There are 2 protein chains.
Amino acid sequence: MIKVSVMYPNSEGCKFDMSYYVDKHMPMVRDKLGAACTNAAVDQGLAGGEAGAPATYIAMGHLYFDSVEAFQESFGPHANEIMADIPNYTDTQPIIQISEVKL
Amino acid sequence: MIKVSVMYPNSEGCKFDMSYYVDKHMPMVRDKLGAACTNAAVDQGLAGGEAGAPATYIAMGHLYFDSVEAFQESFGPHANEIMADIPNYTDTQPIIQISEVKL
């Protein structure tokens, strides 16, 4: 199983509309990806590791697929439309990582 | 529910012993945290978002708790012992983030 993590860096004054992300963006993404996307998760950053430190990421979204190929084949045709929705909920530039789920 | 993510930055030549992490470190951590830790996950970085780009994190570990207090109360007494195990599997310095699970 692989996991595509979209991580939105936190900075002072940055914007992130969590309601839009959870209620509009993620459902739209899952609808476009179809059955290839087996699960999804969303995290809202609360704090960093040191006392009083801010979270490194204001939010993170995770999409699960059986394989990298399953991600690419389902995401590719909708990539432009999905990316075009990002300014509707944030002014940050996300970092994307593909990981293999080991546990 | 909250999630404590321990993210190990990737860099050329950095070391990360995934077998030790999954088979030794995480079981030890879960044993120390007890029932307060409701779930755990481990990701191995495969790639970044751009074609040919490396993963930002060589590995990520995630621990789930009912609340920040449940994390702090269970982790605090074992923090030193858990942190002391890090050099046994990596030479990287992890970034820690506490998030609220929204989806």
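The values are calculated or read from the model by the stated rules, or taken from the named source; none is laboratory data. Keep in mind the model is a prediction, meaning the values are calculated, not measured. Every residue, glycine among them, receives a Cβ derived from its backbone with ideal geometry; neighbour counts consider all protein chains shown. When the accessible area is computed, the model is the full protein with side chains, heavy atoms only, and any ligands, DNA or RNA have been set aside. Shrake-Rupley method; radii C 1.70, N 1.55, O 1.52, S 1.80 Å.
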*Between the chain alone and the structure with every protein chain in place, find the residues of the range B:56-103 that drop at least 30 Å² of accessible area; heavy atoms, 1.4 Å probe.*
B:56, B:57, B:60, B:96, B:97, B:98, B:99, B:100, B:102, B:103
*asked:* I want to make sure I understand the PRE zone here: with the label point 7 angstrom from the Cα of residue A:15 toward its beta carbon, which residues in the range A:71-103 have backbone N atoms less than 20 Å away?
replied: A:82-95
_Karplus-derived 3J(HN,Hα), 6.51/-1.76/1.60, for each residue of the range B:8-13, Hz, glycine and proline x_ = 9, x, 8, 7, 4, x
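Would you mind working out the accessible area per residue for chain B, using a 1.4 Å probe, and quoting it in Å²?
Using a 1.4 Å probe on heavy atoms only, each residue of chain B averages 50 Å².
When N is the residue count of the range B:8-103, what does its C-alpha Rg come to as a fraction of 2.2 N^0.38 Å? Each step should come with its number before you reach the end.
Details: Rg = 14.2 Å, N = 96, 2.2 N^0.38 = 12.5 Å.
For the range B:8-103, the normalised Cα radius of gyration is 1.14.
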*Which loop GluC sites (Glu not before Pro) in chain B, with loop taken from DSSP, have no more than 16 other Cβ atoms within 10 angstrom of their Cβ?*
B:12, B:50
_Could you derive backbone 3J(HN,Hα) for the range A:97-102 from the dihedral phi with the Karplus parameters 6.51, -1.76 and 1.60 (θ = phi - 60°), listing whole Hz in sequence and x where the residue is Gly or Pro?_
9, 9, 10, 9, 7, 9
*Would you mind counting up the charge near residue A:29? Only other residues with Cβ under 11 Å from its Cβ, with Lys and Arg at +1 and Asp and Glu at -1.*
0
*Compute, for residue A:4, the solvent-accessible surface of its heavy atoms (probe 1.4 Å) with the complete set of protein chains present, and express it in square angstrom to the nearest 10.*
0
*Percent of accessible area on the range B:46-88 owned by carbon and sulfur, 1.4 Å probe?*
54
*Quick one: net charge of residue A:47's neighbours, Cβ under 14 Å, K/R +1, D/E -1?*
-3
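Pairs of lysine in chain A with Cα under 22 Å and at least 8 positions apart or on different chains: total?
Details: A:3/A:24; A:3/A:32; A:3/A:102; A:15/A:24; A:24/A:32.
Going through chain A pair by pair, I get 5.
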*Buried solvent-accessible surface, both chains (A, B), 1.4 Å probe, Å² to nearest 100*: 2500
